[in-house]
Amino acid sequence: MSAVPDEGAVLGFLRSSSAPVGWQQLIRKFVEGGDPNDFKRLVKRLVSEGKMRKIKGRRYILTDGETPERSGKSKAQDGVREDSLRARIIREGHFLFAVSGEGRDKVKFVLPKAFQGHAKPGQSVLIKPLDRKGPFGYPAAKVLTGVRHTATFSEVSQAFLKDMGLPQGYPKAAMREAEQSPEPVWMGDKRRMDLRAQYIVTIDPADAKDHDDAISLEKLSNGNWKLGVHIADVSEYVSLDGALDEEALRRSFTQYLPWTAVPMLPQRLSGDLCSLLEGRERLAFSCLMEVDDAGKLVKFDFNETFIKVARFYSYEEAQALKDSGDPFLKQLSDFTDLLLRRRREDGYLEFQFPEPKVQLDADRQPVDIRPVERVSSYGWIEECMLLANQAAAMYLHRYKLPGLFRVHEQPDLEVVAELWTSQTALSKGHDVRAEFSTLRETHDYLNSDVQHFYIRLLDPSRGALPPSVQRRILQSMKKAQYDPRPLGHFALGWLYYSHFTSPIRRYADLWTHRVMKAYLHGEKPARSLRTRAVAVAGQVSEREISVMKVERKAMRVATAWIFQAHVGKEFIGEISGVEGFGLFVTVSNPYGEGLIPVARMRDDFYEHDLETKRLIGRRHGRTFELGLRVKVRVARSDPFSGQVDFDFLGRA
């Protein structure tokens with residue numbers, strides 16, 4: 001990067017941007033290795049010369065005749081004026097605003113009445129920034145005529161993918177590697193076990209696009225069980241440090257959105273060669289385990305295998321067949337009941353959250369959202385995968401391999417104390433105060449005292465806690481992450497746990513496969529690989545946080561799209577979050593969360609009590625806390641920002 005910023009480069013960068021550009025973004029782009037004061041003087045000069053303009057939030061746009069083009073297209077291609085910005089219309093009080101961009105690049109323009117045209121909330125329009133400010137100090141803009149229309153979900157989706165920086169496609173070198181991968185053929189490889197004659201099945205969602213895992217199960221003559229967990233052998237197709245590997249590590253996960261997915265690996269691998277498809281011969285990495293009648297893992301081994309899935313079941317189909325007497329599925333159900341009982345003895349934390357699922361129409365547009373009715377068959381596969389992940393972690397530890405462990409630290413006791421004192425719902429019919437007073441924090445990830453305290457809080461025998469309270473309990477805990485050391489997993493109550501069963505969609509599993517297979521081949525792990533495992537653990541843990549944020553935002557976007565059709569309707573809901581700026585309320589039918597901004601609660605001045613996590617009215621003393629049922633009306637719903645606003649109508 002040149003030490004002296006170039007005027008043309010700065011203007012070109014603004015011209016190529018689809019939204020106003022923030023000061024820090026400019027600094028990162030142009031000042032690396034240069035003098036920031038020189039760059040400040042350049043920007044100041046360009047502003048004074050009228051070539052660029054500073055707007056609210058220390059953001060910059062080009063002036064008339066220099067405003068960014070949309071999506072890099074020419075005016076002739078898109079019919080878009082060069083001095084325009086794409087924006088969405090929202091209403092706040094008596095004023096209309098146009099919002100351009102998202103996140104740190106979001107800018108809100110006020111639309112004076114004379115320049116609103118026929119714009120209405122929810123529409124996507126083109127605007128022209130005006131060289132003056134409007135009410136509240138916001139920059140003013142005008143709606144350009146002849147371009148108004150209601151946003152389609154395709155526009156919402158594309159804006160979301162762009163704003164979140166989600167990749168659209170793969171590097172050419174990675175695609176070339178994927179396309180050149182051959183169809184697996186049995187060659188009598190002595191390193192692989194031929195398991196094609198075994199009865200192996202997959203059980204997945206009906207609309208699953210890839211199949212990482214398959215299982216086999218049989219009863220042994222000694223009364224024990226033989227469980228086979230067969231996992232797609234992705235490492236056979238993705239070589240360490242190849243183009244595919246670099247891109248897979250950069251993504252680290254498949255990104256799941258309610259209406260689509262952004263896979264970690266190209267379709268040629270994720271949905272075809274690596275996917276364990278019914279009736280197709282596939283390479284697998286199998287964990288073969290023996291389990292006694294108490295659900296205890298007696299012994300295990302790992303082998304490279306060649307398999308052929310005999311049958312694919314959807315969860316619902318498997319449940320129905322088991323209920324009608326299918327012998328294999330009945331056996332699987334009985335076996336996994338043993339595993340679940342064993343896990344409860346080990347002390348895992350049993351949450352019972354509703355799992356909302358977005359329903360799509362034929363065009364993959366969200367039309368409804370409802371909690372999933374979880375049938376027992378979901379648990380069959382989950383129990384088998386958990387056991388295989390535990391076995392993989394034991395294998396890594398036994399042979400001191402540089403794999404990645406899934407670790408989960410115990411909560412801080414002060415956070416537990418805050419949880420107890422702030423949640424009155426926890427004490428109803430359940431006195432654990434004496435037990436709580438005896439808790440002692442340790443430096444280990446596993447603390448049986450704290451763990452049993454949480455088990456008591458979540459005790460299913462007294463009925464499921466409200467989802468809002470369960471969510472608060474979950475928030476009191478630390479986040480699981482990856483580490484090359486087996487530090488323990490608090491929520492499972494296990495010292496050894498790793499991720500082994502999903503290499504198509506998680507890089508950590510792919511890494512662990514590699515180091516385990518290298519050991520099977522007689523290779524001694526290089527010291528550099530151990531050092532590298534530390535870096536990979538940090539990178540995928542960091543990426544996981546980003547992935548989760550994107551998935552939560554995507555759910556809000558889909559929810560807001562659906563709730564557009566319910567603006568003005570009234571619902572009964574439950575307070576699911578309390579913040580200083582308002583109350584989050586979850587409603588059902590459709591299922592979703594919206595916000596009652598404190599600005600809309602005009603009957604009192606409300607303050608946030610940080611100690612009790614309540615919102616309290618200063619004059620009348622009315623209080624709001626988690627779990628309280630309230631009546632609300634949908635005031636507005638903006639799918640671009642993923643925000644649904646409610647009006648408070650009273651307690652339910």
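Relative to one another, the C-alpha centroids of the range 266-345 and the range 625-647 are positioned 42 Å apart. Here's how it looks for Leu130: its modeled amide H is under 5 Å from those of Ala140, Ala141, Lys142, which are all 5 or more places away or on a different chain.
For the chain, the longest stretch holding no GluC sites (Glu not before Pro) located in a DSSP loop with at most 13 other Cβ atoms within 10 Å is which?
Numbers: sites that count: Glu32, Glu49, Glu373, Glu523, Glu611.
That would be 50-372.
Shape of the range 162-320 from its Cα gyration tensor (a ≥ b ≥ c, root eigenvalues): rounded if a/c is under 1.5, otherwise prolate when a/b > b/c, or oblate? Write down the numbers at each step before the final one.
Numbers: a/c = 2.10, a/b = 1.58, b/c = 1.33.
Prolate shape, in that a/c is at least 1.5 and a/b is the bigger ratio.
Taking the Cα centre of the chain as origin, sum charge times position over the Cβ atoms of Lys and Arg (+1) and Asp and Glu (-1), and report the length of that vector in debye to the nearest 20. Mind showing how you got there, number by number?
Working: 98 positive and 88 negative charges, 523 e Å.
Here the chain has a charge dipole of around 2500 debye.
Relative contact order for the chain: what percent, with Cα pairs under 8 Å and sequence separation of 6 or more? About 10 percent, as a whole number. Extending 7 Å from Cα along the Cβ direction at Ala535 and again at Arg191 yields two label points whose distance is 2.5 nm.
How much FRET efficiency would the formula 1/(1 + (r/R0)^6) give for Asn589 and Lys133, where r is the Cβ-Cβ distance and R0 is 30 Å, rounded to 0.05? Walk me through the numbers before you get to the answer.
Numbers: r = 43 Å, r/R0 = 1.45.
Calculated value: 0.10.
Straight-line cross-link partners of Lys226 among the aspartates and glutamates, defined as a Cα under 18 Å from its Cα and at least 8 positions apart when in the same chain: Asp194, Asp213, Glu218, Glu290, Asp292, Asp293, Asp301, Glu304, Asp334, Asp337, Glu382, Glu383.
For Asp603 and Glu7, what does the FRET efficiency come to when R0 = 60 Å and r is the distance between their Cβ atoms, rounded to the nearest 0.05? Display every interim value, and only then the final one.
Numbers: r = 55 Å, r/R0 = 0.92.
With R0 = 60 Å, the Cβ-Cβ based efficiency is 0.60.
Annotation: amide H-H contacts under 5 Å for Asp210 (H modelled 1.01 Å from N, sequence separation of 5 or more, or interchain): none.
A simple rule links phi to the HN-Hα coupling: the Karplus curve 6.51 cos²θ - 1.76 cosθ + 1.60 with θ = phi - 60°, which for the range 609-614 gives 7, 5, 6, 9, 6, 10 Hz, with x for Gly and Pro.
Calculate, in nm to one decimal, what Leu474 and Arg341 gain on full extension: separation in residues at 0.36 nm each, minus their alpha carbon distance. Provide the component values of the computation, followed by the final result.
Values: separation 133, 0.36 × 133 = 47.88 nm, distance 2.21 nm.
In short, 45.7 nm is gained.
Quick one: which of Lys209/Lys479; Lys54/Lys162; Lys162/Lys631; Lys296/Lys553; Lys308/Lys549; Lys322/Lys553 span more than 30 angstrom between C-alpha atoms? Provide the component values of the computation, followed by the final result.
Numbers: Lys209/Lys479 28 Å; Lys54/Lys162 24 Å; Lys162/Lys631 36 Å; Lys296/Lys553 40 Å; Lys308/Lys549 37 Å; Lys322/Lys553 37 Å.
Pairs exceeding 30 Å: Lys162/Lys631; Lys296/Lys553; Lys308/Lys549; Lys322/Lys553.
Histogrammed with a bin width of 5 Å, the alpha carbon distances of the range 99-242 distribute as 2, 6, 10, 11, 11, 9, 7, 6, 6, 7, 7, 6, 4, 4, 3, 1, 0, 0 percent, first bin at zero. Using a Förster distance of 30 angstrom, determine the FRET efficiency expected from the C-beta separation of Arg651 and Ala565, and round it to 0.05. Efficiency, rounded to the nearest 0.05: 0.70.
Using the 1.4 Å probe convention, the accessible area of the range 470-542 works out to 41 Å² per residue with neighbouring protein chains retained. If a paramagnetic tag sat 7 Å from the Cα of Glu278 along the Cα-Cβ line, which residues of the range 296-325 would have the backbone N under 16 Å from that point? The answer is 308-322, whose backbone nitrogens lie closer than 16 Å to the label point.
Rounded to the nearest 500, what is the chain's calculated 222 nm mean residue ellipticity when only DSSP H runs of at least 4 contribute -39500 (n - 2.57) each, over all residues?
On the way: 16 runs with 199 residues, N = 652.
Counting only the DSSP helices, I get -9500 deg cm²/dmol.
Distances between placed amide hydrogens fall under 5 Å for Gln123 paired with Ile89, all partners being 5 or more residues away or on another chain. For the range 560-652, which trypsin sites (Lys or Arg not before Pro) pass both filters: DSSP loop (anything but H, G, I, E, B) and at most 15 other C-beta atoms within 10 Å? Sparse-neighbourhood loop trypsin sites (Lys or Arg not before Pro): Lys569, Arg602, Arg618, Arg619, Arg622.
Distance from the Cα centroid of the range 186-257 to that of the range 566-590 is 42 Å (rounded to whole angstrom).
How big is the gap, in Å, between the Cα center of the range 446-461 and the Cα center of the range 525-558? Cα centroid to Cα centroid, the span is 29 Å. In the range 88-205, the portion of solvent-accessible area held by carbon and sulfur atoms comes to 54 percent [1.4 Å probe, whole percent, DNA, RNA and ligands not counted].
Rounded to the nearest whole Hz, the Karplus-based 3J(HN,Hα) values (6.51 cos²θ - 1.76 cosθ + 1.60, θ = phi - 60°) of the range 89-98 follow the sequence 9, 10, 10, 10, x, 9, 10, 9, 10, 10, with x at glycine and proline. Given axes a ≥ b ≥ c from the Cα gyration tensor, I'd like to know whether the range 500-599 is rounded (a/c under 1.5), prolate (a/b larger than b/c) or oblate. Judged from the Cα gyration tensor, the range 500-599 comes out prolate (a/c at least 1.5, a/b above b/c).
Only helices reaching 30 angstrom along their own axis (Cα) with mean Kyte-Doolittle hydropathy no lower than -0.5 count here, and for the DSSP H runs of the chain these are 377-398, 527-563.
One way to sum up the overall shape of the range 204-286 is the equivalent ellipsoid from its Cα gyration tensor, whose semi-axes run 28, 16, 12 Å, largest first. Loop-located chymotrypsin sites (Phe, Trp or Tyr not before Pro) in the range 335-403 (DSSP state not H, G, I, E or B) with no more than 16 neighbouring Cβ atoms inside 10 Å: Phe351, Tyr399.
Among all the aspartates and glutamates, which ones have a C-alpha under 12 Å from Lys613's C-alpha, if same-chain residues fewer than 8 places away are not counted? Of all the aspartates and glutamates, those that pass the test against Lys613 - Cα under 12 Å, at least 8 places apart if same chain - are Glu418, Glu579, Glu625. For the range 139-208, the set of chymotrypsin sites (Phe, Trp or Tyr not before Pro) satisfying both a DSSP loop assignment and a count of at most 15 other C-beta atoms within 10 Å is given as Trp186, Tyr199.
The values are calculated or read from the model by the stated rules, or taken from the named source; none is laboratory data. A quick note: this is a predicted structure, and the numbers were derived from the prediction, not measured. Methodologically, a virtual Cβ is constructed for each residue, glycine included, from the backbone with ideal geometry; neighbour enumeration extends over all protein chains shown. Keep in mind that these areas ignore ligands, DNA and RNA; they rest on the heavy atoms of the full protein, side chains included. Shrake-Rupley method; radii C 1.70, N 1.55, O 1.52, S 1.80 Å.
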